[in-house]
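Step one of this worksheet: look at the structure below.
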Amino acid sequence: MNANTSTMPTSLVVLILALLLGLQPITTDFYLPALPALSEGFGASMAQTQLTLTALLLAFGLSQLVWGPLSDRFGRRPVLLWGMGLYTLASMAIVLAPSMPWLIGIRMVQGIAMGAGVMCARALVRDLYEPVAGANAMSKGLSGLGVIACLSAPLGGLLSDWFGWRLAMLTLALFGVATLLLIVFKFKESIRVVNPHALQPQRLARQWREIMGNPTFLAFSALSAASYGGLFTFLASSSFVFIKVLGFSKTQYGLVMFSMSFVYILSTLMCRRLLPRFGVKRTVAIGGGLSLAGGSVMAALAYAGLHYPSLQNGWAIMLPFYLFMLGHGIHQPCSQSGAVGPFPHAAGTASALNGFMMMVAAFAMGGWLGAHIDGTIWPLVLGVWFWSACIALSAWVLVGKYTETPKTIAAQAHPVSISSIK
């Protein structure tokens, strides 16, 4: 941990991390129970409705490529102020959306703003902590994210049932206001020295090439992208599967999502127990086994349901996905902190590229789901199974082979081309 943490108490850092990282689940999970009703209300197809998620995530991923260098150049605080202000305005505008195309456009603006908060959260972990301690700090922040995710879907389902999806969306604006006020009054700049050359095209291109050519970055980014791809598959398709196919109410579906988030919180706690005992490589390998087991068991139960229809129920999906979520809570803190570890002087740019890769995976999966959701459980099942295999490959092969020791990471943290920009 460097001297910057003395300007903010650890408890405050964790709270800020939880709220900024929590932008993602509250923005996606909160309105998931209302997706089928939203589709019917606007008279939109499932593919159009899926665009409210995929367009958000595409804008989220692309915006980070801009927010990252901006935060390296001007600092995390101004980027967070602009980003959270824009997020609040976009959340208010969603309530007034007159049509599905307008809603998709506003969700893109919301995704752009969300990119500032989530990217800065990952970057400030690298600003304040050394790489190994960063995984532990990120895990604490992601535990807070889990709490927000626990509340988002059940509360979104209840408010949508009681007041309709438009008034329910006001909650996102209130969350944005609360986070903005915390940044205004409590957040102290975390970056020690801004990079005056961060926005120069030639230097930025060279920095991107250097980051994308780093095997440690690529190994951890492959893991984070695959893990998020599996989660997104569930987020984007589960409301249709549970509500339309399995007959759950919106409130019941919200409770399903609550249980998933609760398991995720437990997994982040488990991650913090495993890291000091086994180290990053073996911890990630354990997570890979959990992820693959979850995807494989789900596929096996779905296949058995073809012959024994009683197996095609909510538990046949929920129980295996609990295993997947246990792995997810290990992969995300380890991969997000590991990807930016070698780049302390370009943490914003490295965080942006890592986030972009995750959103590319989600956007591609969203397009596939939009074309293949067919009134059965199979698109969800096959998607999760596919990503669980990708996670195992990344965890057991790529991270196992290319993760550097702490000494090597420290040596790589000051390569000539990056240290020259200080």
query: What residue, of PHE187, PHE163, PHE175, PHE248, is out of contact with any strand residue (DSSP E or B) (no Cβ under 6 Å at 6 or more places or on another chain), aromatic (Phe, Trp, Tyr) and without any contact (Cβ under 8 Å) to a residue 24 or more places away in the chain?
result: PHE163
Any hit, segment 81-94, residues being farther than 18 Å from THR28 by Cα and of a type outside the set (Phe, Trp, Tyr): yes
Verdict on LYS281 being over 20 Å from the mean Cα position of the chain (by Cα) and within 23 Å of ALA389 (Cα to Cα): yes
message: Go through (1) touching a Phe, Trp or Tyr at 6+ places or on another chain (Cβ under 8 Å); (2) buried (at least 24 other Cβ atoms within 10 Å of the Cβ) for MET84 and report which single condition fails.
response: (1)
query: Among the residues of segment 25-54, which ones are small (Gly, Ala, Ser) and either part of a helix (DSSP H, G or I) or under 14 Å from GLN110 (Cα atoms) (or both)?
result: ALA34, ALA37, SER39, GLY41, ALA47
- prompt: Any residue in segment 112-125 that is farther than 24 Å from MET358 by Cα and modelled with pLDDT under 90?
  reply: no
message: Checking ALA222 against (1) touching a Cys at 6+ places or on another chain (Cβ under 9 Å); (2) buried (at least 24 other Cβ atoms within 10 Å of the Cβ); (3) of a type outside the set (Lys, Arg), only one condition comes out false. Which one?
response: (2)
- request: Looking only at segment 353-361, decide whether some residue is assigned to a loop (DSSP other than H, G, I, E, B), under 23 Å from SER291 (Cα atoms), modelled with pLDDT of 85 or more and not aromatic (Phe, Trp, Tyr).
  value: no
message: List the helices (runs of 4 or more DSSP H) inside segment 127-213, counting only whole elements, that have at least 3 residues being within 30 Å of LEU275 (Cα to Cα) and not charged (D, E, K, R).
response: 131-163, 201-212
Of residues in segment 299-311 being of a type outside the set (Ser, Thr, Tyr) and either under 18 Å from PHE386 (Cβ atoms) or in contact with a Leu (Cβ under 8 Å, 6 or more places away or on another chain) (or both), the one modelled with the lowest pLDDT: LEU311
task: Check SER63, SER39, SER91 and return the single one that is modelled with pLDDT under 90, in contact with a helix residue (DSSP H, G or I) (Cβ under 6 Å, 6 or more places away or on another chain) and not basic (Lys, Arg).
output: SER39
Qualifying position, being surrounded by 23 or more Cβ atoms within 10 Å (Cβ to Cβ) and on the phi < 0 side of the Ramachandran plot, among SER39, SER45, SER99, SER91: SER91
- request: Would you please name the residue that is nearest to ALA352 (Cα to Cα), looking only at residues in segment 138-158 that are hydrophobic (A, V, I, L, M, F, W, C) and buried (at least 23 other Cβ atoms within 10 Å of the Cβ)?
  value: MET138
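Kindly indicate which of PHE278, PHE321, PHE262 is aromatic (Phe, Trp, Tyr) and either touching a strand residue (DSSP E or B) at 6+ places or on another chain (Cβ under 7 Å) or surrounded by 17 or more Cβ atoms within 10 Å (Cβ to Cβ) (or both). Spell out the reasoning first.
Details: PHE278 fails: either touching a strand residue (DSSP E or B) at 6+ places or on another chain (Cβ under 7 Å) or surrounded by 17 or more Cβ atoms within 10 Å (Cβ to Cβ) (or both); PHE262 fails: either touching a strand residue (DSSP E or B) at 6+ places or on another chain (Cβ under 7 Å) or surrounded by 17 or more Cβ atoms within 10 Å (Cβ to Cβ) (or both).
The unique qualifying residue is PHE321.
Kindly indicate the residue of segment 374-385 that is aliphatic (A, V, I, L, M) and crowded, with 22+ Cβ neighbours inside 10 Å and also farthest from GLY294 (Cα to Cα) among those meeting that condition.
The initial filter retains those residues of segment 374-385 that are aliphatic (A, V, I, L, M), namely 377, 380-382, 384.
Now drop any that are not crowded, with 22+ Cβ neighbours inside 10 Å, which leaves 377, 380-381, 384.
Working: ILE377: 16, LEU380: 13, VAL381: 10, VAL384: 9 Å.
Per the stated criteria, the residue is ILE377.
The values are calculated or read from the model by the stated rules, or taken from the named source; none is laboratory data. Computed from a predicted structure; not experimentally measured. Ideal geometry is used to build each Cβ from the backbone, glycine not excepted, and the neighbour counts take in all protein chains shown.
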